[in-house]
Amino acid sequence: MKTPTLPLTSARLAYRLNQQGDLEFLLDLHKRPDVVRFLPWGIQDEAGMKAKIDERVQEKTLAEDGDKLNFICLDKETGIRVGEVGLFLRSKEHQGGEIGYVMHPDHAGQGYAKEAARTMLALAFDFFGLNRVMARCDQRNKPSEGVMKALGMRHEATLIENWRDDDGSWSNELNYAILKREWDAQGRG
C-alpha cells in the first residue's frame, strides 16, 4: 500500500507520525490514571513507552495485517500536542481497519477526538480504500462512545467482561463500526 503525505491536517489539527521527541508527552498521557482507566492496558513506564515509540517511528504505511499508523495530534495554531490517534489494518483481505484516539485531559471536551477520528476515517476510506472501520471503547467511557456515534458509526457488539482493569475487576467493551458506503452516504467520502 501507499504512504500518505504528511503532515495530515484538519480544521484545527495537524497530524504527524510519532517521533522520539514525543516521549515526554506520551509518557505524561499514558501514566495518568484518569486516561488509562478506560484503556485495555495499564499505566506505562518510561522503558515501555520508549519501546512503543521505537516501534512506531518505523511504521510508515498499512500494508499487512497488524500494521498501524500512530499520529500525534497538534493544535495547528499553537503547535501544542493535544493527543494521539491511530489507524490500524486489521484485515488486508477483507479491507478492515480500526481507529483509536486518546486526547490529553487538558484538551478534553473541545471536539479534538471527533475531529481526529474523522480524519482517520477519511484516511482509511479515501486514501487506503478500506471497506469497514471499527472503533472500540470501555463501556464506561461515554465521551468516547459519543465520538463514535457522532461519526455515524453503528453499535455492533458489547463484549461482556472483555477487559480486566488494574484492580482486577472486569469491564465491558463496546464495538462500533462504519462501512465505506455509509461514510460516502454521509457526504464525507
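The values are calculated or read from the model by the stated rules, or taken from the named source; none is laboratory data. Nothing here was measured: the structure is a model prediction, and the numbers come from that model. Cβ placement follows ideal geometry from the backbone for every residue including glycine, while neighbour counts extend to all protein chains displayed.
Here is how the numbers come out for the structure above:
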{"quantity": "Helices (runs of 4 or more DSSP H) wholly inside region 9-110 containing at least 2 residues that are farther than 21 Å from G146 by Cα", "calculated": "23-30, 46-56"}
{"quantity": "Residues satisfying the stated conditions in region 33-51, i.e. out of contact with any Lys or Arg (no Cβ under 7 Å at 6 or more places or on another chain) and either crowded, with 16+ Cβ neighbours inside 10 Å or of a type in the set (A, V, I, L, M) (or both)", "calculated": "V35, V36, R37, L39, A47, M49, A51"}
{"quantity": "Failed condition for V85, given (1) closer than 28 Å to N162 by Cα; (2) surrounded by 18 or more Cβ atoms within 10 Å (Cβ to Cβ); (3) modelled with pLDDT under 95", "calculated": "(3)"}
{"quantity": "Residue pairs meeting the criteria (Cβ under 6 Å; at least 6 apart or on separate chains; first among the small types (G, A, S), in region 5-30; second part of a strand (DSSP E or B))", "calculated": "A14/L74"}
{"quantity": "F25 in contact with a strand residue (DSSP E or B) (Cβ under 9 Å, 6 or more places away or on another chain), aromatic (F, W, Y), closer than 30 Å to E161 by Cβ and surrounded by 16 or more Cβ atoms within 10 Å (Cβ to Cβ)", "calculated": "no"}
{"quantity": "Residue satisfying condition, being surrounded by 14 or more Cβ atoms within 10 Å (Cβ to Cβ), closer than 18 Å to K2 by Cα and of a type outside the set (S, T, Y), within set E64, E93, E59", "calculated": "E59"}
{"quantity": "Complete set of residues in region 2-15 that are surrounded by 14 or more Cβ atoms within 10 Å (Cβ to Cβ) and more than 22 Å from C137 (Cβ to Cβ)", "calculated": "P4, P7, L8, R12, A14"}
{"quantity": "Condition broken by M148, with the remaining ones in (1) part of a strand (DSSP E or B); (2) under 18 Å from the mean Cα position of the chain (by Cα) satisfied", "calculated": "(1)"}
{"quantity": "Residue that is more than 17 Å from S10 (Cβ to Cβ), without any contact (Cβ under 8 Å) to a residue 24 or more places away in the chain, part of a strand (DSSP E or B) and of a type in the set (A, V, I, L, M, F, W, C), where the choices are I160, I178", "calculated": "I160"}
